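These notes concern the structure reproduced below.
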Amino acid sequence: MEMLLSALIIGFIIYLRIQADKEAGWEKEVDEYQEGIALFRSRQTDDALAYFNRKIAANPKSSIAYLYRARCYRALGNVAAAKEDLKTAGSYNETVPGIHLERGQIYFDEQNYDAAFAAFDKAVFHSFGTRADAFRWRGLARQQLGQAETARHDMDKAEAIAGQAHDANAPEADMSDPAFFNRRLLINAGMTILNSLILLFVIKRSPVIHWPYLLAASSAAGIGFIEPRKGWVLALLQVITLWGGYTFFTAPPDTNNEQELEWFNLYGTIMLTFAGSFVGGVLKRALDR
């Protein structure tokens with residue numbers, strides 16, 4: 001039983017790591033292609049186009065290179081080529097908010113407001129509700145669709161994000177979040193460790209599975225809610241604290257029945273930690289939409 005649960009946990013951790021790498025990969029490409037991005041921002045479009053042509057030749061699966069070449073094509077008036085590059089960029093990584101924003105702006109210019117709204121909605125979703133421009137463009141699309149109340153909500157959200165020092169005016173600075181290990185994450189990590197110790201105490205003391213499971217599910221959902229993008233880090237921290245604390249810092253129970261109950265509580269709460277953090281993150285993104 002222990003081996004099976006351990007295998008499931010390890011597999012889930014690997015899955016989370018793959019997903020995190022996929023989402024973070026395009027941010028690394030943004031850093032790598034700063035020279036070409038600077039050319040595009042300074043309106044040296046022909047030079048930027050040549051730059052991203054070279055990058056695509058060297059790395060034909062780069063979603064960011066295709067995104068910026070699409071922007072170059074659009075700036076040069078070649079919308080058809082821009083659409084094709086955006087399609088290719090999305091096929092390699094649909095999690096890049098800029099792809100959906102650029103696609104939505106093209107639809108908006110074509111007065112295809114339903115398609116524009118759908119694209120901007122995806123930009124909000126994939127940016128985890130942190131990009132002011134995604135909310136602003138979605139608000140503009142909603143205005144065109146006659147959705148005045150929700151359009152105002154999006155505009156207010158955009159202003160609130162901009163007021164919280166999210167640089168909504170920089171063309172690409174807001175494509176990535178602040179430093180990964182920022183002050184907020186460290187504070188939440190401290191709270192997660194404290195909660196894990198409380199949960200470990202409940203695992204050792206509870207005569208039934210209900211209390212540790214309830215606490216694990218609710219705290220894990222909170223982890224995902226407060227950190228929808230980095231919640232997997234906090235969930236992993238809670239799991240390590242639980243397993244390490246139980247294995248190295250607690251005394252074994254007196255009977256086999258008590259031992260089985262504690263194992264059931266421990267491994268059950270570990271699985272609920274991952275599942276709950278995922279659900280909390282999905283809920284947070286749904287509310288932000």
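No value in this document is a laboratory result; all are computed from the given coordinates. The model shown is predicted, which means the values in this text are computed figures rather than measured ones. As a convention, Cβ positions derive from the backbone with ideal geometry for all residues, glycine included, and neighbour counts pool all protein chains shown.
Computed from the mean reciprocal separation of all distinct C-alpha pairs, what Kirkwood hydrodynamic radius does the range 198-289 have, in Å?
On the way: mean 1/r = 0.0747 Å⁻¹.
About 13.4 Å for the range 198-289.
How would you rank 277, 196, 206, 218, going from fewest to most other Cβ atoms within 10 Å of each one's own Cβ? Walk me through the numbers before you get to the answer.
Working: 277 29, 196 24, 206 17, 218 14.
The most exposed by this proxy come first: 218, 206, 196, 277.
Restricting things to alpha carbons, tell me how big the range 25-175 is in terms of Rg and Dmax, in Å.
15.1, 47
How many angstrom separate the Cα center of the range 45-122 from the Cα center of the range 197-258?
44 Å
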